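What follows is a short report on a single structure.
The values are calculated or read from the model by the stated rules, or taken from the named source; none is laboratory data. The structure displayed is predicted, hence computed values, not measured ones. For neighbour counting, all protein chains shown are included, and Cβ atoms are generated from backbone atoms with ideal geometry for every residue, glycine included.
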């Protein structure tokens, strides 16, 4: 998928992009120590940006169908010293953890989410 029309755009000294993201064909449960699994979002092709300092889900994180919602985890920095990720640097990827709206429980491993779309907002360096 591509960023929405008009994105990426400049916000002062930063770049911002609103973009749709389709869930994975096979979901993998997410762990947080270390962060693994979940749904990897690659900022460059999806948001049209090289790196992101910040990524958040729009519309409360709900998928277009309303059946699921996501939480965003920044997972890897490009280099130390800047804001926004472990080590403090812009990141080329984030991971989404998917949950069932009706129960609040994480989506089971192996569930096909490729027809579910969430909108994300990324902000990063120009």
Flagged pairs (Cβ under 9 angstrom, 6 or more apart or on separate chains; first in region 1-28, at positive phi; second at pLDDT below 85) are none
Looking only at region 8-34, which residues are assigned to a strand (DSSP E or B), over 20 Å from residue 119 (Cα atoms) and out of contact with any strand residue (DSSP E or B) (no Cβ under 6 Å at 6 or more places or on another chain)?
32
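Filter region 78-107 down to the residues that are surrounded by 14 or more Cβ atoms within 10 Å (Cβ to Cβ), over 19 Å from residue 46 (Cα atoms) and at pLDDT 95 or above and list them by number. Outline the logic, then answer.
Narrowing region 78-107 to residues surrounded by 14 or more Cβ atoms within 10 Å (Cβ to Cβ): 78, 82, 84-85, 89-101, 106-107.
Those left that are additionally over 19 Å from residue 46 (Cα atoms): 82, 89, 99-101, 106-107.
Scanning region 78-107 gives 99, 100, 101, 106, 107.
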May I ask you to verify whether residue 110 is in a loop (DSSP other than H, G, I, E, B), at pLDDT 90 or above and surrounded by fewer than 14 Cβ atoms within 10 Å (Cβ to Cβ)?
yes
Given the conditions (1) touching a helix residue (DSSP H, G or I) at 6+ places or on another chain (Cβ under 8 Å); (2) modelled with pLDDT of 80 or more; (3) under 19 Å from residue 58 (Cβ atoms), which single one is not true for residue 74?
(2)
